[in-house]
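The values are calculated or read from the model by the stated rules, or taken from the named source; none is laboratory data. All values reported here derive from a predicted model rather than from experimental measurement. Neighbour counts run over all protein chains shown; Cβ positions are idealised from the backbone, glycine included. Ligands, DNA and RNA are excluded from the accessible area calculation, which covers all protein heavy atoms including side chains. Shrake-Rupley method; radii C 1.70, N 1.55, O 1.52, S 1.80 Å.
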Amino acid sequence: MRFPPIVPFCLLLLAFACNNKQNKHHDKSVFRYNESSGITSLDPAFSSNQANIWACNYLFNGLIQLDKTLQPQPCIARSWEVRQDGLSYLFHLRTDVLFHRHPDLPTGRKVVAGDFVYSFSRITDEKTASPGSWVFQSVRRNKDGITNGFIAINDSTLEILLDKPFPPMLGLLGCSYGAVVPKEIVEKYGKDFRKHPVGTGPFIFHDWIERTALILHRNNTYFEKDSEGKSLPYLDAIMVSFINDKQTAFLEFIKGNLDFISGLDASYKDDLLTINGQLKPKYTGKFRMETAPYLNTEYLGILVDTTLPIMAGNPLNDIRIRQAINYGFDRTRMIRYLRNGMATPGIYGMVPPGIPGFDTLPVKGYDYNPAKALELLKDAGYPNGKGLPKITMSTTHAYQDLCEFMQGQLADIGIRINLEINQAAQHRQMVAKQQLTFFRGSWLGDYADAENYLALFNSANKAPAGPNYTHFASPVFDQLYAKAMQETNPDIRTTLYKEMDAYMMQQSPVIVLYYDKVLRLTRNEIQGLDINSMNLLTLKQVRKTTAKN
């Protein structure tokens, strides 16, 4: 017999209630949400996507954690010092943190500095093949290229030594790749640690039936407490279902079978929202909708390397043509009609609002100004676009509507666009190999520092070796980048970042389309769930009341 998608999840919920003998079943508070893409691993070494990151954040901790403004806060490290002009990070660890109980750790075990040395070295070990090895690329290495910059000075003191200063390092340690794991359990299970996770987090692994549900229980020996001294977490359990159809998951949320949904899908977008991004009246009061800036910049990249044969005679070699395209379409109207207002028009720089320092005073980019675009075309020798060769714009099916909108508006000022639609995997490969001259791209921030976005334009990072897909190269920009990497004062560094972003936008190797938004739907009985611009789902201070919608 084949069950409807939500039934196996409900059966597991029943199993949880029946297996727990300490309290009455109806007293349990369980947070329920869906992961349509599934979860591939509960090992933080492989937390390379949002689904895995969320799950690992419930099970594991690192030295630091990010608050809702993405600022580093103490976690297992109670304090730290940055020394030697940014080359040494000294962490002082708590002494009351225990790994989860396990048959091979029957009484738990206290976390010591050596556990972090093992955990971080494991991430950088080629045998692990972790996609997070880049997190520690600035850490000191020996002559054989092996990382040796993790040092346990004693059980409660850890030092990380860098080859060169990297100011975002502290924030990077807040990602899931920075989690601590117990050596004896990892070595017992090997690759199967992915489904036998043991960490220090607020929730403990209970069961995972792949493609059906994941169940986590409260960690009764968790070390963090709230501001009143009460033990965290408040929830008794987390249950994650894996319904792959997003419209079905949305209907389960409406029926009350799920507590939370993240993101907006085309299948229910128009049923949920007005054209201006407001919740439709029929849903008012039935649940909460929250939005926040999301550290994802959607853009069109332009290959600006004139030494490449593919760019010979291309009109995009002229900065005035690139700027005219930037001025030639209405981003605000595009977002209103094609994204129901669920994005911020890309009228600033490459660094999105939501990054500290850019959230209230972003860099000025390009707004809709067809008169200015026509002036630039005339200066370039193409009055009203006369004589301007047709320009090929490459995109994927998911962004075809945006590009067609641009195509129509640019045609009004004489810029003719030939739209080329590629399969997503093929498109990414062609961009990486510089086989496209004008291409859709996006950059989702790995960490909350503007450097993560500006590194895309550092000449040392040219693709295919790095993420500089436009091959933008400027001594002015590179000098500012190098200066920012040596600067330990965050305010001065932010000033340099803004100067870099403004200069790069003036040169126009990219056309910024929009900055994404986090959108969350939460049932009214869920309280204490913060929203943030990395869309981290932190549940340790969440409560579930008995209120009914």
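Among the residues of the range 483-532, the ones that are of a type in the set (Val, Ile, Thr), in contact with a strand residue (DSSP E or B) (Cβ under 6 Å, 6 or more places away or on another chain) and either assigned to a helix (DSSP H, G or I) or open to solvent by 10 Å² or more (accessible area, probe 1.4 Å) (or both) come to 1 in all.
Residues of the range 435-449 being part of a loop (DSSP other than H, G, I, E, B) and at pLDDT 95 or above, which ones?
Passing the criteria: GLN435, LEU436, THR437.
Among the residues of the range 92-106, those that are in a loop (DSSP other than H, G, I, E, B) and under 17 Å from LYS183 (Cβ atoms) comprise VAL97, PHE99, HIS100, ARG101, PRO103, ASP104, PRO106.
Any residue at all in the range 156-165 that is basic (Lys, Arg), surrounded by fewer than 18 Cβ atoms within 10 Å (Cβ to Cβ) and either modelled with pLDDT of 95 or more or in a strand (DSSP E or B) (or both)? Scanning the range 156-165 turns up no residue that is basic (Lys, Arg), surrounded by fewer than 18 Cβ atoms within 10 Å (Cβ to Cβ) and either modelled with pLDDT of 95 or more or in a strand (DSSP E or B) (or both).
If the condition is being part of a helix (DSSP H, G or I), within 35 Å of the chain's Cα centre (by Cα), small (Gly, Ala, Ser) and modelled with pLDDT of 95 or more, then the range 381-410 contributes only GLY408. Checking every residue in the range 316-336 against the condition of being assigned to a loop (DSSP other than H, G, I, E, B), under 21 Å from PHE439 (Cβ atoms) and open to solvent by 50 Å² or more (accessible area, probe 1.4 Å) gives zero matches. Can you find a residue in the range 454-469 that is open to solvent by 50 Å² or more (accessible area, probe 1.4 Å) and touching a His at 6+ places or on another chain (Cβ under 6 Å)? Taking every residue of the range 454-469 in turn, at least one turns out to be open to solvent by 50 Å² or more (accessible area, probe 1.4 Å) and touching a His at 6+ places or on another chain (Cβ under 6 Å).
In the range 355-364 there is no residue that is at pLDDT 95 or above and open to solvent by 60 Å² or more (accessible area, probe 1.4 Å).
If the condition is being of a type in the set (Val, Ile, Thr), buried (at least 18 other Cβ atoms within 10 Å of the Cβ) and not in a helix (DSSP H, G or I), then the range 108-135 contributes VAL111, VAL112. Among the residues of the range 413-434, those identified as in a loop (DSSP other than H, G, I, E, B), at negative phi and touching a residue at least 60 places away in the same chain (Cβ under 8 Å) are ILE413, ILE415.
Of everything in the range 9-35, what is more than 17 Å from the chain's Cα centre (by Cα), modelled with pLDDT of 50 or more and either of a type outside the set (A, V, I, L, M) or open to solvent by 40 Å² or more (accessible area, probe 1.4 Å) (or both)? Give them in sequence order. The answer is HIS26, ASP27, LYS28, SER29, PHE31, ARG32, TYR33, ASN34. In summary, GLY341 fulfils each of the numbered conditions (1) open to solvent by 10 Å² or more (accessible area, probe 1.4 Å); (2) assigned to a helix (DSSP H, G or I); (3) small (Gly, Ala, Ser) with the single exception of condition (2). Residues that are hydrophobic (A, V, I, L, M, F, W, C) and in contact with a helix residue (DSSP H, G or I) (Cβ under 9 Å, 6 or more places away or on another chain) were ranked within the range 84-107; the one that is surrounded by the most Cβ atoms within 10 Å (Cβ to Cβ) is LEU93. For beta carbons closer than 9 Å, sequence separation of 6+ or different chains, a first residue in the range 45-69 that is under 16 Å from PRO182 (Cβ atoms) and outside any loop (DSSP other than H, G, I, E, B) and a second that is modelled with pLDDT of 95 or more and among the charged types (D, E, K, R), the qualifying pairs are ALA45/ARG122; ALA45/ARG194; CYS56/ASP43. Scanning the range 168-194 for residues that are under 30 Å from TYR453 (Cβ atoms) and touching a Ser or Thr at 6+ places or on another chain (Cβ under 6 Å) returns SER176, VAL180. For ARG140, are the conditions met, namely being open to solvent by 20 Å² or more (accessible area, probe 1.4 Å), touching an Asp or Glu at 6+ places or on another chain (Cβ under 9 Å) and closer than 30 Å to SER241 by Cα? When the stated conditions are applied, ARG140 does not pass them.
Look at (1) small (Gly, Ala, Ser); (2) closer than 23 Å to HIS206 by Cβ; (3) within 25 Å of the chain's Cα centre (by Cα) and you find that SER267 fails only one, number (2).
Residue-wise test of (1) free of Cβ contacts under 8 Å to residues at least 12 places away in the same chain; (2) farther than 15 Å from ALA55 by Cα; (3) assigned to a helix (DSSP H, G or I).
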{"site": "VAL186", "(1), (2), (3)": "no, yes, yes"}
{"site": "ASP192", "(1), (2), (3)": "yes, yes, yes"}
{"site": "PHE205", "(1), (2), (3)": "no, no, no"}
{"site": "LEU216", "(1), (2), (3)": "no, no, no"}
{"site": "SER227", "(1), (2), (3)": "yes, yes, no"}
{"site": "LEU264", "(1), (2), (3)": "no, yes, no"}
